[in-house]
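Please read the structure below before turning to the comments.
The values are calculated or read from the model by the stated rules, or taken from the named source; none is laboratory data. A quick note: this is a predicted structure, and the numbers were derived from the prediction, not measured. Quick reminder, even Gly has a Cβ in these numbers, built from the backbone with ideal geometry, and neighbours come from all protein chains shown.
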Amino acid sequence: MIHHQVIVVGGGLAALRAALAAQEAADVAVLSMVYPVRSHSGEAQGGINAALANNPDGRDDSWEKHAFDTIKGSDYLADQDAAETMAREAPGCVYEMEHWGVPFSRFEDGTIAQRPFGGAGFPRTCYAADKTGHVLLHTMFEQCVRRGVRFYNERMVISLVVEDGRCHGVIALNLVTGELEAYHADAVFFGTGGAGRVYARSTNAVINTGLPMALAYWAGVPLKDMEFVQFHPTTLYGTNILMTEGARGEGGYLINNQGERFMARYTPRVMELAPRDIVSRSIQTEVLEGRGFENEYVYLDLRHLGKEKIMERLPGIRELAINFVGVDPIEKPIPIQPGQHYTMGGIDTNIDGETRVKGFYAAGECACVSVHGANRLGGNSLLETIVFGKLAGNRIARAFSGGELPPSDPAAVERAYRAIEQKLRRMATADGHENVAQIREEMQQTMFFKVGIFRERGEMMEAVDKIAELRARFPRTSLGHSGTTYNLELMHKLELEGMLALAEVIAKGALAREESRGSHFRRDFPERDDAGWLKHTLATFSPDGPVLSYSPVTITKYEPQARRY
Amino acid sequence: MSALSTATLKVWRFDPKVDSEPYHQSYQVPVTKGMTVLQGLFYVTDRLDGSLAYRSCCRAGVCGSCAMYINGAYRLACETQIGWFPDGQITIGPLPRLRVIKDLVVDLDPFFAKYEQIKPYLINNSQPPGKERYQSPEDRRKLNEMIDCILCASCYSSCPTVWMSEEKDGYLGPAALTKAWRFIADSRDQGAKERMEVIASENGLWRCHTAFNCVEACPKHINPTEAIQNLKKKAILGKLGIW
């Protein structure tokens, strides 16, 4: 058994930021499923929000306005104290990343460049061309190297050890050796990313299955607001690779098969820079009403920006479009469609990343503080990872310096290890003709088409039934081989079990919520209902399925009002 | 683009725990429009053979997981379309000359250990201002390309000096040296001297013999050879006491 005071699970921005902070006062080790620089944070393109007021058009910006935009963007489901904390901490966190070496794009005066983004009253999105996540992630990893953070790479965590409301460690599969490893710790932090792969047409990396969220759920930690799933308006037709919102921030148009800038019909004032939920529904409406191409997509047109601007500000987008659809955006418009992009919900935490389980913390996309509520604004996810990763890491450091955590029990880890060992043995010897990939694909299609951009009761009931059927078929999946090194088949099977649990939570939460708010749009309940539904959904595990309960939204000074753009 | 209906993926297989020799195994995969080699490998795992091992993550060319040797060239499997090869014959191997863990998965620990040696982080020990450190757009542009590095190890695997060098403590290789230049070229960095002590050493930049393999191998179109030449220039000027 391996012991560290703190085990950080994940290799992306939230996890690394938490590790750096916790290491100030404790012995920390990071368990990552991939080499950390491979993490999905690196795929973020457009930028990170902070009210620096560097842009000549943004001199009147302030953190309070950033907080308001975030809360309005969330359709008032965000906890306002959390959104205020994030916006207030943003400038300091961005400056810190700059001091650590992030090569942000610059204005002529040498300050960090900022571009407009959807749903924001001012141009406050700091960027490094269209590779902002990539440079942030590499810089964060560089700081970990500098400070000698201990890494265990290519470890897939498959159990969170909780007994009597106290976290004691994790069990991980070493992907290289195939061996199970027990990690005993006094504090465990999850910064494990979202669950995009529960859906078809996702922009997410293939590792974003959300299994760690399911591990927390099974261990008794509630999942919050899981029915709120972000669909990004502009993903590449065919592969659903992300085409940054920065493309519209820089002035890109959305065009239908009539050659119209159709956003004039939906949000004439802000046009293409409405929040993502609204733009995605608008695109989908165009396609459903016959104004798309091949009944599947519309165009993102950048040609009028000119070669120089595209090469300077959006070089990554251009390369992706050329490589994946053979389209050079300097010459032709890019075929795009909405795709699953972000998991607004997650492990229920407070602002300091604490959960209801002593010694278990989470931040980033896997967690729900909540700052994004029913719809996240572009540029706020990178920010969330850094702000709340740091706050959670600081909280862990304080817990150690103050001797707050009761002792954890290696015997509990030992028991969990034996249970997982037996489970893997059962999986290895399971008999049946079901195929993991087949079940996964049926789940992904069901979720995209029945619990997707537009929702209604009948389809969601079908989805719930379908997920129950898939869960019943799951035990009849068998493994075709017993190799230990890099057993992708075993990994996929473990991930699918978690994804099916999350799919059930998402679908049941969505079915129960009889209103429309942010990304959750019910054709049968098209209005927001603050009297009935201005509250968070909490899903708690039970063997018979999730038990739903609700908790109030924290309102500080922004009274919910109609959300118009 | 050709309209293939199927392609043959001829994949290099080797499990050191079981096999005495590596071998090739062929898989027939159905091809859809725009399908990538990585999607072909996914099909193999999902439908044909769960024992095949490879790394993948972002499937969008930014994470660096799936660098492989595909039809005689260093490529990211996720950025390589099957349709680019009209005969539908695709031979896939691991990054050459690195230790194979299994099939297409190679040991990258030595690669990352060398990356760590060059102090791959901004060094500036002055008190930071309350805001950002200023950098002109012109100075910032000097870092373009180099900051696109995804640490996929293609250049490292292609470098003849790396081939002739010890895995441990041997030649730093093109990726680590390019990273060193990325920082030295950064107007905010003050770590040139301490970094040069590491890289102008026995296993450092003088062992680059300008074979340019790394330039050809890089899937992100970075020019590591140029970065290394810049470092050499800097090292000579340093010896002459010019900086």
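Conditions (1) more than 12 Å from every other protein chain (Cβ to nearest Cβ); (2) buried (at least 19 other Cβ atoms within 10 Å of the Cβ), marked per residue:
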site: B:121; (1), (2): no, yes
site: B:126; (1), (2): no, no
site: B:173; (1), (2): yes, yes
site: B:182; (1), (2): no, yes
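Can residue B:56 be described as polar (S, T, N, Q), part of a loop (DSSP other than H, G, I, E, B), at the interface with chain A (Cβ under 7 Å from one of its Cβ atoms) and over 17 Å from the mean Cα position of the chain (by Cα)? Here the answer is no, as residue B:56 does not meet what is asked. For residue B:27, the stated conditions hold: it is at pLDDT 95 or above, under 16 Å from residue B:70 (Cβ atoms) and more than 11 Å from every other protein chain (Cβ to nearest Cβ). Of the residues making up region B:22-69, those that are surrounded by fewer than 23 Cβ atoms within 10 Å (Cβ to Cβ), under 18 Å from residue A:237 (Cα atoms) and of a type in the set (S, T, N, Q) are B:32, B:39. For region A:419-457, the set of residues classified as in a helix (DSSP H, G or I), within 14 Å of another protein chain (Cβ to nearest Cβ) and under 23 Å from residue A:198 (Cβ atoms) consists of A:427, A:436, A:437, A:438, A:439, A:440, A:441, A:442, A:443, A:444, listed by residue number. Tell me whether region A:435-442 contains one or more residues that are β-branched (Val, Ile, Thr), more than 30 Å from residue A:154 (Cα to Cα) and out of contact with any strand residue (DSSP E or B) (no Cβ under 6 Å at 6 or more places or on another chain). So far as region A:435-442 goes, no, none of its residues is β-branched (Val, Ile, Thr), more than 30 Å from residue A:154 (Cα to Cα) and out of contact with any strand residue (DSSP E or B) (no Cβ under 6 Å at 6 or more places or on another chain). Within region B:69-117, the only residue that satisfies the criterion of being among the basic types (Lys, Arg) and within 10 Å of chain A (Cβ to nearest Cβ) is B:102.
The residues of region A:35-88 that are closer than 23 Å to residue A:18 by Cβ, outside any helix (DSSP H, G or I) and in contact with a Leu (Cβ under 9 Å, 6 or more places away or on another chain), listed by number, are A:35, A:39, A:44, A:47, A:48, A:49, A:50. The set of residues in region A:8-30 being away from chain B (no Cβ under 14 Å) and either touching an Asp or Glu at 6+ places or on another chain (Cβ under 9 Å) or on the phi > 0 side of the Ramachandran plot (or both) consists of A:14, A:26. Residues that are free of Cβ contacts under 8 Å to residues at least 60 places away in the same chain and over 19 Å from the mean Cα position of the chain (by Cα) are absent from region A:347-369 altogether. Residue selection: residue A:133 fails the criterion of being touching a Gly at 6+ places or on another chain (Cβ under 6 Å), assigned to a loop (DSSP other than H, G, I, E, B) and buried (at least 24 other Cβ atoms within 10 Å of the Cβ).
Scanning region B:70-89 for residues that are under 24 Å from residue B:151 (Cβ atoms), aliphatic (A, V, I, L, M) and either buried (at least 19 other Cβ atoms within 10 Å of the Cβ) or modelled with pLDDT under 95 (or both) yields B:70, B:76, B:77.
The helices (runs of 4 or more DSSP H) falling completely within region B:150-216 that include 3 or more residues that are out of contact with any strand residue (DSSP E or B) (no Cβ under 9 Å at 6 or more places or on another chain) and among the charged types (D, E, K, R) map to B:192-199.
Within region B:133-147, the residues that satisfy the criterion of being more than 7 Å from chain A (Cβ to nearest Cβ) and part of a helix (DSSP H, G or I) are B:138, B:139, B:141, B:146. Exactly one residue out of B:44, B:11, B:37 is within 11 Å of another protein chain (Cβ to nearest Cβ) and either out of contact with any Cys (no Cβ under 7 Å at 6 or more places or on another chain) or farther than 25 Å from residue B:217 by Cβ (or both), and it is B:44.
Evaluate region A:141-154: report whether one residue or more is more than 11 Å from every other protein chain (Cβ to nearest Cβ), of a type outside the set (D, E, K, R) and either surrounded by fewer than 23 Cβ atoms within 10 Å (Cβ to Cβ) or at negative phi (or both). Yes, region A:141-154 has at least one match.
A quick yes/no check of all residues on (1) within 14 Å of chain B (Cβ to nearest Cβ); (2) in contact (Cβ under 8 Å) with a residue 40 or more places away in the chain; (3) within 20 Å of the chain's Cα centre (by Cα):
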position	(1), (2), (3)
A:43	yes, yes, yes
A:65	no, yes, no
A:103	yes, no, no
A:112	yes, yes, no
